[in-house]
Each structure stands twice: as C-alpha cells, then as structure tokens.
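Quick notes on the structure that follows.
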Amino acid sequence: MSEFLNQLAFGWFPYFAITVLIVGSIFRFDADQYSWRSQSSQFLRRRQMMIGSNLFHMGVLILFVGHFIGLLTPIGVFDAVGVTHSFKQITAMVVGGIAGLMALVGSSLLLHRRLFDPRIRRSSSIGDIAVLVLLWLQLVLGVLSIWWTAQHLDGEEMVRLMGWANAIVVFDAAAPAQLQDTFWIYKLHIILGLILFLITPFTRLVHIWSVPIWFLLRPGYQIVRSRHPLGKSRNIPAGTSLPAGGQTMARQTSESGGSGA
C-alpha cells in the first residue's frame with residue numbers, strides 16, 4: 001500500500017469515521033428520536049430470530065470488550081503486570097475465536113432469515129440487509145485472521161495493531177506508519193470496522209447506544225398475584241365496588257379503615 005493511501009486509510013479516515021459516529025448519532029437523536037430503534041421483526045419467524053440474535057449479540061459483546069481492552073490498553077501496562085505478548089495473543093485467539101464463531105453463526109441465521117423469508121424480506125429495507133452483510137463480512141474476516149495470527153505467535157503483529165490504536169487515541173501523526181507492513185487481512189478488517197462506525201448514525205446500528213446497562217443497577221422488585229378472586233379479598237364485602245387502582249387500592253383502603261390518607 002502506498003504511503004498516501006496508508007495515511008488516508010489509517011491516519012485520516014479513523015478520525016473522520018469516529019467524528020461522524022458521535023456527531024451524527026447526537027443529531028439523529030435530537031432530530032428523530034422515534035427512529036432510534038433496532039426495528040426488530042421478532043414477531044415473524046421468532047425461533048430463528050431468538051437463536052440467531054442471542055448468539056450474535058453475546059459474541060459481539062465479548063468481541064467488543066476484547067478489542068477495546070486489547071487494543072487500547074497501553075503495551076507498557078501488559079509488560080508491567082507480566083503478561084507476555086505471546087500469551088496475550090494466544091488468549092485473544094482462543095477467546096476471540098469462540099466469540100467470533102458464535103457471532104458468525106448468529107449473523108448467518110439472521111441474514112438467512114432476512115433474505116429467504118418472503119415476509120421478512122418485504123419488510124426489510126436495503127439498509128437493513130446491507131448492515132447485516134457488512135457485519136457478516138467483518139466477522140468472516142476476523143475469524144479468518146486467526147489462521148494468519150497463528151503463523152507468528154510471538155505477538156509481533158498484535159503489537160503493531162496495539163501501537164496503531166494507542167497512537168490514534170493520542171493523536172500521534174506517526175500512527176499510520178505502524179501498519180505500513182501489516183498483513184492485508186488485518187488492514188481490511190480495520191477499514192471495514194471503521195466503515196461500520198461511519199454508517200451507524202444512518203442505520204439501525206444506532207441502537208448500540210441504547211444498551212440497557214442501567215438494567216444491571218436496577219433495584220429488584222417482585223410482582224405478587226392475589227390468591228383471592230376479584231371483589232372477594234379479605235376485609236372487602238362482596239359486591240363492594242373497587243376504587244380506581246383496582247384490588248391493590250381497595251386492600252390499602254380497607255386496611256386503613258377507609259380513610260383517604
């Protein structure tokens with residue numbers, strides 16, 4: 001790859017894609033909040049949807065966390081805690097390989113469902129299909145890259161990728177030089193990933209910003225069903241009309257002696 005193309009792809013394009021991702025998502029949320037959704041077709045062919053969606057999302061979440069930690073953690077941190085480059089690379093191959101296969105199988109099921117079910121195909125836009133195809137291709141590239149990674153377990157290629165990602169974060173102009181001699185499949189994997197960032201604000205991928213992390217911090221609650229038929233709860237005479245709020249309100253009223261407070 002020529003020096004100019006290398007600079008364009010791995011020096012300028014990452015900042016452009018990330019800027020569009022952030023600014024475009026903010027503008028879309030501000031201008032058209034009702035389109036901020038995954039546009040699920042779950043009510044059509046539910047079984048294949050559930051299997052494919054669960055495999056895909058679980059695999060992608062593992063891959064996202066692995067890529068985030070593996071690429072953006074400074075190399076010196078791994079060296080300081082005694083994690084060798086070869087150990088980190090083998091771990092990434094095993095964990096990433098399993099998660100990648102999960103996500104690939106899941107995306108294949110979702111893509112097959114989207115393309116070959118007539119009802120779902122009619123309700124799908126070109127953007128829906130294009131996003132799934134791009135995600136499928138990205139996962140294929142990631143899984144295939146494991147074979148090339150296994151050819152050099154010393155971690156040299158991984159160190160180059162980490163060096164590039166760290167340089168991009170700190171706005172180092174020398175970042176593209178880190179990937180000048182990197183094998184083509186890694187370069188294509190990075191470029192396709194940046195393209196997915198670029199199109200996110202304009203497609204259903206925008207729902208990634210709505211990951212319900214708050215759900216993990218939500219206080220627990222329990223729904224209890226009454227054992228008594230409606231209108232025959234204890235302390236409520238039969239035939240008594242229930243106030244607004246139904247049986248729960250009636251129980252509270254009876255327990256407080258009918259007072260309003």
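Readers should treat all values here as calculations from the given coordinates under stated rules, not as data from a laboratory. Since the model is a prediction, treat every value here as computed from it, not as a measurement. Ideal geometry is used to build each Cβ from the backbone, glycine not excepted, and the neighbour counts take in all protein chains shown.
State the extension gain, in nm to one decimal, for the chain segment bounded by Val105 and Val169, taking 0.36 nm per residue of separation less the distance between their alpha-carbons. Using 0.36 nm per residue and subtracting the Cα-Cα distance, I get 19.8 nm.
You can think of it this way: the chain between Val133 and Phe4 has 43.5 nm of extra reach, that is 0.36 nm per residue less the Cα-Cα gap. With the simple model of a label 7 Å out from the Cα in the direction of the Cβ, Ile75 to Asp32 spans 4.4 nm. On the basis of the beta-carbon distance and an R0 of 30 Å, His112 and Ile195 show a calculated FRET efficiency of 0.85. Across segment 56-69, rounded Karplus estimates of 3J(HN,Hα) from the backbone phi angles (6.51 cos²θ - 1.76 cosθ + 1.60, θ = phi - 60°) give 5, 5, 5, x, 5, 4, 5, 5, 4, 5, x, 5, 5, 6 Hz, Gly and Pro being marked x. For segment 188-197, backbone phi angles converted through the Karplus equation (6.51, -1.76, 1.60; θ = phi - 60°) give residue-by-residue couplings of 5, 4, 5, 4, 5, x, 5, 5, 5, 4 Hz, Gly and Pro being listed as x. Fully extending the segment from Val140 to Trp184, taken as 0.36 nm per residue of separation minus the present Cα-Cα distance, adds 14.4 nm.
Modelled spin-label separation between Trp209 and Phe64, with each label point placed 7 Å from Cα along the Cα-to-Cβ direction: 1.3 nm.
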